Amino acid sequence: MRRLETALLDGTWTPGTRLPSERQLAERYGVSRNTVREALQRLVARDLLRSRRGAGVYVTDRLRSGIVSPWGQLVAEHPALREDILEFRHVLEGATAYFAALRADAADLERIRALMSELARAREADDKAAEADADAKLHDVIARASHNTMFLHLHASVVGMLREHIAISGTGLRERYEDASEHLLMQHRALCEAILARRPEQARTAMQAHIDFVRDHTAGEG
């Protein structure tokens, strides 16, 4: 059960993921299927997993949502708190970018490249909603690539709030400022290039410059 918990904590299995079969898990961990079944049942009882009859066992969003409520609702209802959100993002995401540059594995780097390409395609198509969505997903992937459980879960615990904020602020910026999309694309490209090049200080600086750009262009709203 502890090893399964670790896989949930370190982002190996994200919310919505279907777990391997009992047989596969038994082989992976070198235990009996009964042991796997008992561990899964305990995690289901704690609402970390959900069993769907005939469909398998899936990861819930319990770890992500547990700290958000009622904070997430308060933030959603008080746009004036965006300055606090941006201050929080400046510190937290600067750190996740730093450690992503140090620790990202090959799969992380491939996801970062893919989302950067997705962001560029959305920009080319002038699809502002798709840009904002790819933007938010890219920030999620960078947090996972930091391979720091605390950073991951600070980010994940407020991910609903952060994703909403990133999407809203990103879409709003792109709609209000003619050249915002191009600036944001360049900022994300500089950030991703620093991570891919394994330059942690440069990655942190690029992330914080990006957050500061958003803050400067949303000041006074709400």
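The residue pairs whose first member lies in region 209-220 and is closer than 18 Å to Tyr98 by Cβ, whose second member is modelled with pLDDT of 75 or more and basic (Lys, Arg), and whose beta carbons are closer than 9 Å, counting only pairs six or more residues apart or on different chains, are Ile211/Arg89.
Considering (1) of a type outside the set (Ser, Thr, Tyr); (2) at pLDDT below 90; (3) in contact with a strand residue (DSSP E or B) (Cβ under 8 Å, 6 or more places away or on another chain), the lone condition that Leu19 does not fulfil carries the number (2). Quick one: in region 36-63, which of the residues that are under 18 Å from Gly11 (Cβ atoms) and part of a helix (DSSP H, G or I) is modelled with the lowest pLDDT? So the residue we want is Leu63.
To keep it simple, each residue is scored yes or no on (1) touching a residue at least 24 places away in the same chain (Cβ under 8 Å); (2) surrounded by fewer than 17 Cβ atoms within 10 Å (Cβ to Cβ).
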{"residue": "Glu5", "(1), (2)": "yes, yes"}
{"residue": "Asp10", "(1), (2)": "yes, yes"}
{"residue": "Trp13", "(1), (2)": "yes, no"}
{"residue": "Leu19", "(1), (2)": "yes, no"}
{"residue": "Glu27", "(1), (2)": "no, yes"}
{"residue": "Ala39", "(1), (2)": "yes, no"}
{"residue": "Ala45", "(1), (2)": "no, yes"}
{"residue": "Arg52", "(1), (2)": "no, yes"}
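Screening the candidates Glu175, Glu118, Glu131 for the property of being more than 22 Å from Pro15 (Cβ to Cβ) and at pLDDT 85 or above yields one hit, Glu131.
The values are calculated or read from the model by the stated rules, or taken from the named source; none is laboratory data. These numbers were taken from a predicted model, which means no experiment stands behind them. Reconstructed Cβ throughout: ideal geometry from the backbone, glycine too, with neighbour counts over all protein chains shown.
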